[in-house]
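Trainee: Got a structure for you, questions after.
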Amino acid sequence: MVKRKIIKINEELCNGCGNCISPCAEGALALVNGKAKVIREELCDGAGFCIGVCPTGALTLETREAPAFSEIAVKEHKKTQNIDYIPQKCESCGRSEDEAYMIAVKYRGESLWYCTKCLPKLIHG
Ligand code: SF4
Ligand SMILES: [Zn+2]
């Protein structure tokens, strides 16, 4: 066990929308009985990419004692599990994260994804 950053899920706030599952590159999150759950703590690297897409504010990072993040565990987990890879698409141009870097943006309670090419239009427009 090490002291490190790890995701914290507020089950009362979680509405089970599933938005947070695919942004997690490690596949650390899954829906269990309609609520987001960390499958195994060594799969969560504490990067927090899931936080921006949660519409209810159910996700935060906390610093506490937890099993160390493990790249090996992630590799094995991805191999054994058939994680459906659903690439995020840019809200503006429709390109997918296979073609461009994506950034999650919050707007009026919604989480939208924009590619880095389209982001300046949002900032300046
Ligand atoms: S994005 Fe938020 S509300 Fe949706 S499943 Fe994940 S934790 Fe729950
Ligand atoms: Zn775009």
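Trainee: Taking the criterion of being away from ligand 2 (no atom under 16 Å from the Cβ), part of a strand (DSSP E or B), among the polar types (S, T, N, Q) and within 13 Å of the chain's Cα centre (by Cα), would at least one residue in segment 48-68 satisfy it? Let's see the steps before the verdict.
Mentor: Looking only at segment 48-68, we keep the residues that are away from ligand 2 (no atom under 16 Å from the Cβ), and these are 48-68.
Checking the rest, the ones that are also part of a strand (DSSP E or B) come to 59-66.
If we keep only those that are among the polar types (S, T, N, Q) as well, we get 60, 63.
After this cut, where a residue has to be within 13 Å of the chain's Cα centre (by Cα) as well, the list is 60.
Checked against the condition, which is being away from ligand 2 (no atom under 16 Å from the Cβ), part of a strand (DSSP E or B), among the polar types (S, T, N, Q) and within 13 Å of the chain's Cα centre (by Cα), segment 48-68 yields at least one hit.
Trainee: Let me ask something else about it. Please pick out the residue among Ile7, Ile21 that is in a loop (DSSP other than H, G, I, E, B) and of a type in the set (Val, Ile, Thr).
Mentor: Of Ile7, Ile21, the one residue that is in a loop (DSSP other than H, G, I, E, B) and of a type in the set (Val, Ile, Thr) is Ile21.
Trainee: Just name the residue that is nearest to Arg40 (Cα to Cα) out of those in segment 88-122 that are away from ligand 1 (no atom under 16 Å from the Cβ), part of a loop (DSSP other than H, G, I, E, B) and in contact (Cβ under 8 Å) with a residue 24 or more places away in the chain.
Mentor: That would be Cys90.
Trainee: Right, something else. Test each condition in (1) part of a helix (DSSP H, G or I); (2) at pLDDT below 85 for Glu76 and report the one that comes out false.
Mentor: That leaves (2) as the condition not met.
Trainee: In segment 1-27, what count of residues is obtained for those that are touching a strand residue (DSSP E or B) at 6+ places or on another chain (Cβ under 8 Å) and at pLDDT 95 or above?
Mentor: 12
Trainee: Then there's this: Does Glu71 satisfy the criteria of being surrounded by fewer than 14 Cβ atoms within 10 Å (Cβ to Cβ) and closer than 27 Å to Lys106 by Cα?
Mentor: So Glu71 fails the test.
The values are calculated or read from the model by the stated rules, or taken from the named source; none is laboratory data. Being a predicted model, the structure only gives us computed values, none of them experimental. In this analysis, Cβ positions are derived from the backbone assuming ideal geometry, glycine residues included, and neighbour counts consider all displayed protein chains.
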